[in-house]
Amino acid sequence: MASNLDYLAPELKPLEDKVTAYLQLEKDLAQAEIQATTLAQPAEPAPVVFEQRSAAGSYPQQTAEAANRLQNLRDELTHLRQEILQLLPVRDEWIKLNLGYGPSRVGAFQLPAPATDFELRIVI
């Protein structure tokens, strides 16, 4: 019976926190990608009005900010992934965690032969 409750062990709490942050960051990244795509698509063509614009209004600031935010989120996601891989006690095995949905599983699995990296897998 105790083996079924191993996922509640207090020593797994830092790993749980990192995985929870990783999952939230993945959601944020997906929303930021949608927002960036929406900004990048041209809106309906407006009627041609010949007016002068100020120099400050000519820079596509929203598009640049969205691209910068996307890059920052991707960098943070990569950093969190590396931290999770370091916290995992074993490779090529599932570790049970308590992510609030009952026992969830996290694992680092070796990629096929040419690659030397591990793939992070999370099952909720």
Legend entry - residue 65 being at pLDDT below 90, charged (D, E, K, R) and surrounded by 10 or more Cβ atoms within 10 Å (Cβ to Cβ): yes
Legend entry - Pick from the range 21-35, criterion touching a helix residue (DSSP H, G or I) at 6+ places or on another chain (Cβ under 7 Å) and among the aliphatic types (A, V, I, L, M), ranking: surrounded by the fewest Cβ atoms within 10 Å (Cβ to Cβ): 21
Inset, instruction - Go through the residues of the range 95-110 one by one and say whether even a single one is in contact (Cβ under 8 Å) with a residue 60 or more places away in the chain, surrounded by 12 or more Cβ atoms within 10 Å (Cβ to Cβ), under 19 Å from the mean Cα position of the chain (by Cα) and not in a strand (DSSP E or B). - result: yes
Inset, instruction - Filter the range 75-94 for residues that are under 15 Å from residue 12 (Cβ atoms) and in contact (Cβ under 8 Å) with a residue 60 or more places away in the chain and give the result. - result: 83, 84, 87, 88
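Might you let me know whether the range 90-97 holds any residue that is touching a Ser or Thr at 6+ places or on another chain (Cβ under 9 Å) and among the β-branched types (Val, Ile, Thr)?
Scanning the range 90-97, I find no residue that is touching a Ser or Thr at 6+ places or on another chain (Cβ under 9 Å) and among the β-branched types (Val, Ile, Thr), so the answer is no.
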Inset, instruction - Please find, within the range 36-62, the residue that is modelled with the lowest pLDDT out of those that are in contact with a helix residue (DSSP H, G or I) (Cβ under 6 Å, 6 or more places away or on another chain) and open to solvent by less than 80 Å² (accessible area, probe 1.4 Å). - result: 39
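The values are calculated or read from the model by the stated rules, or taken from the named source; none is laboratory data. Predicted model only: the values in this text are computed from it and were never measured. When we count neighbours, we look across all protein chains shown, and the Cβ atoms used for this are built from the backbone with ideal geometry, even at glycine. Quick note on the areas: whole protein, heavy atoms, side chains included, nothing else; ligands and nucleic acids left out. Shrake-Rupley method; radii C 1.70, N 1.55, O 1.52, S 1.80 Å.
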